[in-house]
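The values are calculated or read from the model by the stated rules, or taken from the named source; none is laboratory data. All of these numbers come straight from a predicted model, not from anything done at the bench. Quick reminder, even Gly has a Cβ in these numbers, built from the backbone with ideal geometry, and neighbours come from all protein chains shown.
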Amino acid sequence: MRGFYRKNNLWLPEILKANGYKTIGIDWLGRWHRMGFDHYWKGSCKKDQPTRLLANFIEALPHKYVDIAKRLCEQFGLLKYIQTAASVTKEAVEAINGTNEPFFLFVHYWDTHTPYYAPGGILRKLFLCNRTECLEEMFESIKNEKWKSYLVNCFPGAKNVVDIQAIYDEAVKYVDGAVGRLLDCLRAAGKLDNTLVIVTADHGESLGEHGIYFDHHGLYDSTIRVPLIMSGGGFNKSARISGFVQHIDLAPTVMQMLGVSCDKTHFDGVSFLPLLNGRANGTRSFVVAEEMYTEEKYAIRTGEWKYIYSPSEDRATCRYCGFIHGGVEELYNLADDPAEECNVMDRHHQIARELKAELLSFYNNLIKRGKVRERGMISGKVRRLKAAGLI
Ligand SMILES: [Zn+2]
């Protein structure tokens, strides 16, 4: 898979490893995600037979019983066989306490991913596990039966969106507690002051907005606007900083903070350290997002506006839900309508045209700089962008 994703690009763990950091990943995705790590922990390690059997058994259970099985594993000390925030944290704590050299630790929590693992909600799920009729009614708009039945099975006992939002909130709280334990561990080990801690997410979650139920497809803020919390690294004062950054900016920022140098052409992102230091220079005036999996859409977001574009009705149709979320072309005034509920394409043609031109220019610059072609990151990307009329 390495060759598929890149030929010449470097990964952050590889760069840090080459600069004397011990690199540890606690995750279960494997494949290319393990690149550059000295140690990569997987909850279902293939070498360990009981681990594999138990993990396979839990994965094969109907969704409604997965949480219960995980809870039982926690109760009976079988944590290492499953992946919950508790088991991930346990591994991370061992890694922190077992390392005396500079380290890069990547800790990946999954509990806020459907079906949402929230230990506090177990009893409710257990006793109400056959009441799914209301959910079917709620998911009526979803045309794809397979996706609908997946959702229904994920949330037995829930009667409406609010019930599931409550489970999601519990999952967030559960992960929040786990992050707190990690910080406690760093503090107890005397490493907190000298450690840069970054908490972020690769995506948000739609909890019913735009007819997207409990998933992260769509380019609305519920999905693309994620937390970014940083501590350590010389920041002594708490501050909430406004400004646009994207995930691709994280690696150059971390490297600049650590004084690690690397050829900048390896990165699409730019360091936002000046922004953290109170200088607006380098702040992006917009962010760009795209998706290709469930539907093909491209978005550009400024402080005031979001424009979302799809090349055709066919490609705008969500293959999970079986209908078009929002529209083929969408424009939202975020100042008046932060929930992106009112598509104002018809009223603001000129603004939509300008934003589309900006989006087009963004992709053209990528092509000009050889980024898309050179990386070969996604096979056929250039062809798709051309077909979409964006380059
Ligand atoms: Zn959908």
Exercise for review: Please verify whether segment 278-287 includes one or more residues that are in contact with a Pro (Cβ under 7 Å, 6 or more places away or on another chain), on the phi > 0 side of the Ramachandran plot, more than 16 Å from the ligand (Cβ to nearest atom) and not acidic (D, E).
Suggested key: yes
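With respect to L390, determine if the residue is modelled with pLDDT under 90, assigned to a helix (DSSP H, G or I), away from the ligand (no atom under 16 Å from the Cβ) and buried (at least 17 other Cβ atoms within 10 Å of the Cβ).
Considered against the rule, which asks whether it is modelled with pLDDT under 90, assigned to a helix (DSSP H, G or I), away from the ligand (no atom under 16 Å from the Cβ) and buried (at least 17 other Cβ atoms within 10 Å of the Cβ), L390 comes out as no.
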Review point. Any residue in segment 171-179 that is within 16 Å of the ligand (Cβ to nearest atom), over 16 Å from the mean Cα position of the chain (by Cα), assigned to a helix (DSSP H, G or I) and under 28 Å from E340 (Cβ atoms)?
Key: no
Practice item. Search segment 283-298 for residues being surrounded by 15 or more Cβ atoms within 10 Å (Cβ to Cβ) and either touching a Lys or Arg at 6+ places or on another chain (Cβ under 6 Å) or part of a loop (DSSP other than H, G, I, E, B) (or both), and hand back the single one that is modelled with the lowest pLDDT. Key: T283
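Here's the yes/no breakdown for (1) within 16 Å of the ligand (Cβ to nearest atom); (2) under 18 Å from the mean Cα position of the chain (by Cα); (3) without any contact (Cβ under 8 Å) to a residue 24 or more places away in the chain; (4) more than 22 Å from L334 (Cβ to Cβ):
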{"position": "R225", "(1), (2), (3), (4)": "no, yes, yes, no"}
{"position": "G234", "(1), (2), (3), (4)": "no, no, yes, yes"}
{"position": "S238", "(1), (2), (3), (4)": "no, no, yes, yes"}
{"position": "C262", "(1), (2), (3), (4)": "no, no, no, yes"}
Review point. Quick one: what pairs do we get from segment 322-336, first residue at positive phi and touching a residue at least 24 places away in the same chain (Cβ under 8 Å), second near the ligand (Cβ under 10 Å from one of its atoms) and among the β-branched types (V, I, T), C-beta under 7 Å, 6+ apart or different chains?
Key: G322/I142
Review point. Which of the residues that make up segment 320-364 are of a type in the set (D, E, K, R) and either within 16 Å of the ligand (Cβ to nearest atom) or within 26 Å of Y293 (Cα to Cα) (or both)?
Key: E329, E330, E340, E341, R353, K356, E358
Practice item. Any chance you could count how many residues in segment 305-319 are within 14 Å of the ligand (Cβ to nearest atom) and either touching a strand residue (DSSP E or B) at 6+ places or on another chain (Cβ under 6 Å) or among the β-branched types (V, I, T) (or both)? Key: 4
Review point. Would segment 210-217 turn up any residue that is within 15 Å of the ligand (Cβ to nearest atom), at pLDDT 90 or above and among the acidic types (D, E)?
Key: yes
Exercise for review: Test each condition in (1) under 16 Å from the mean Cα position of the chain (by Cα); (2) over 27 Å from M257 (Cβ atoms) for I229 and report the one that comes out false.
Suggested key: (2)
Review point. Does R383 satisfy the criteria of being of a type in the set (K, R) and either modelled with pLDDT of 95 or more or closer than 15 Å to E304 by Cβ (or both)?
Key: no
**Study point:** Failed condition for G43, given (1) of a type in the set (G, A, S); (2) modelled with pLDDT of 80 or more; (3) within 24 Å of the chain's Cα centre (by Cα)
**Key:** (2)
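Kindly indicate whether any position in segment 288-304 is within 25 Å of T195 (Cα to Cα) and either away from the ligand (no atom under 16 Å from the Cβ) or of a type in the set (D, E, K, R) (or both).
no
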